[in-house]
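Trainee: Handing you this structure, nothing more for now.
The values are calculated or read from the model by the stated rules, or taken from the named source; none is laboratory data. All of these numbers come straight from a predicted model, not from anything done at the bench. All Cβ positions, glycine included, derive from the backbone under ideal geometry; neighbour counts span all protein chains shown. Surface accessibility is based on the protein's heavy atoms, side chains included, excluding ligands, DNA and RNA. Shrake-Rupley method; radii C 1.70, N 1.55, O 1.52, S 1.80 Å.
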Amino acid sequence: RQQSLMAGQHAALERLGVLMENISDVILVFDESGRIADANARVTELYGWTPDEMRRLSVTDLRAPEARNSTAADFAHAKQPSGVLFETLHCRKDGSVFPVEVNSRPVQLEGRRWVLSVIRDITERKRQAADVAPREARLRFIFDRMPIGLSFRDEKGQIGRAPSELQSHLNLVCRLLL
């Protein structure tokens, strides 16, 4: 029975190791002071640091200089039971800055409190949003100036978006009917 239990634990640890090393996000474990205690191999690809080099850094060292003012508050939120999810800017070993999404929460391991962080590079997401924004603004400009009555309804049948002049007329009609 003891041998079977040990084999099960070994298999679970092996599965966890495979997940940690093959996930596309960076996984970091911080001690309560913000020092990096552990890192998966993805850090080398994203930051340029080896996992061993990362263990000499702190949460502040990862932040781009222009984003460091909120580091202490963000780390304090990460230690709360509900954890925290936020976007910020991080810095690679070569000094280049890139946007990240950080999902952090406290964990208990080996009788100690740690902060587990999953960090995702959102460079592509930000680039796509920046590409879409001018087109969306142009369409909104045209839509708001359309001389015809056109509106969109959401899945509940509520009027979601209409040219501003039509929307003000619709609002007036709704107030008169109520």
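Trainee: With the other protein chains left in place, how much accessible area per residue, in square angstrom, belongs to the range 57-102 at a 1.4 angstrom probe?
Mentor: Numbers: 2310 Å² over 46 residues.
Value for the range 57-102: 50 Å² per residue.
Trainee: Determine the order of Asp52, Asp74, Asp94 by accessible area, beginning with the largest, at a probe radius of 1.4 Å.
Mentor: Highest to lowest solvent-accessible surface, that is Asp94, Asp52, Asp74.
Trainee: Along Cα→Cβ, 7 Å out, is where each label goes; now give me the distance between the ones at Val97 and Arg145 in nm to one decimal.
Mentor: 3.5
Trainee: Where the centre of each part is set by its Cα atoms, how far does the range 96-137 sit from the range 51-80, in angstrom?
Mentor: 13
Trainee: Now for a separate question. I'd like the trypsin sites (Lys or Arg not before Pro) in the range 14-107 restricted to DSSP loop residues with at most 16 other Cβ atoms within 10 Å, sorted by number.
Mentor: Arg55, Arg56, Arg92, Lys93
Trainee: Roll a 1.4 Å probe over the protein heavy atoms and report the accessible area of Glu87 in Å², nearest 10.
Mentor: The value for Glu87 is about 90 Å².
Trainee: Would you list Glu45, Glu53 from the most to the least accessible area, probe 1.4 Å?
Mentor: Accessible-area ranking of Glu45, Glu53, largest first: Glu45, Glu53.
Trainee: Under the Kirkwood approximation applied to all pairs of distinct alpha-carbon atoms, what is the hydrodynamic radius of the range 32-108 in Å?
Mentor: Details: mean 1/r = 0.0777 Å⁻¹.
For the range 32-108, the Kirkwood estimate is 12.9 Å.
Trainee: Just to verify a number: what accessible area does Ile27 come out at with the full protein assembly present, 1.4 Å probe, Å² rounded to tens?
Mentor: The accessible area comes out at roughly 20 Å².
Trainee: Return, ordered by residue number, the residues of the range 50-93 whose backbone nitrogen is under 14 Å from a label point located 7 Å along Cα→Cβ of Ser24.
Mentor: none
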